[in-house]
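What follows is a short report on a single structure.
Each value in this text was obtained by applying a stated rule to the coordinates, not by laboratory testing. This is a predicted model, so every value here is computed, not measured.
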Amino acid sequence: MKRQRSNGTAGRKESAGRAYGSAERETGIRSSSKRSRNGSGGNLRGARKQQAPEIAGLPVSKNDEVVIDIIGMNHDGEGVGRAEGYTLFVAGALPGEKVLVKVLKTKKQYGYAKLLELREASPDRVAAPCGIYDKCGGCQLQHLSYAGQLAWKRQHVVDALERIGKLRVAWKVRKKLPDMASQLDEDGGRKGV
């Protein structure tokens, strides 16, 4: 004989007056995207965040101080440098600079570092016009000259068009467009066509 379940709440799980969703009813596990009542996202109170293990074989480790050459800038305006082939992102550094940095975080392919000292400044470096520029974080490129900002932004767009759009972008732009009126014949068409 089969027992039939009543229409009461005995057969369904409820939490804090709300019924679980269909996936939660099937698995009995709540989605990790939902936060618990205390806002901790599932972490236990007083639990310490575990330190990431050191990755063996890297040329630098956390808290190392190294001198690197900045070779470019990433999309966030951070300087990109290399320490023995290992990529480091350095906030506040500009391409063409030699800087002393302290490694803050290492990952398998790249890491983050803090600018400690400027050994050789870039010709594009200027004094930031804002007094709280280094504390605020709202404007990443105020220490870069206007011409340098334009060149970086243009390069950023060109890189995106080539990488995502698979387009080939011409580098040289003519300073002055030719006088179109001199190239027209009497009928308004182009000469020689």
Revision key, fill the gap. Full extension between ARG168 and GLN140 adds, at 0.36 nm per residue less the Cα distance, a length in nm of 7.2 nm
**Study point:** Computed lengthening from THR87 to ASN63, 0.36 nm per intervening residue step minus Cα-Cα distance
**Key:** 7.1 nm
Point to revise | Net length gained if the chain between ARG154 and HIS75 were fully extended (0.36 nm per residue, minus Cα distance) | key: 27.3 nm
Check your understanding: Regarding the range 67-117, what is the average projected area of its C-alpha convex hull, in nm²?
Key -> 3.0
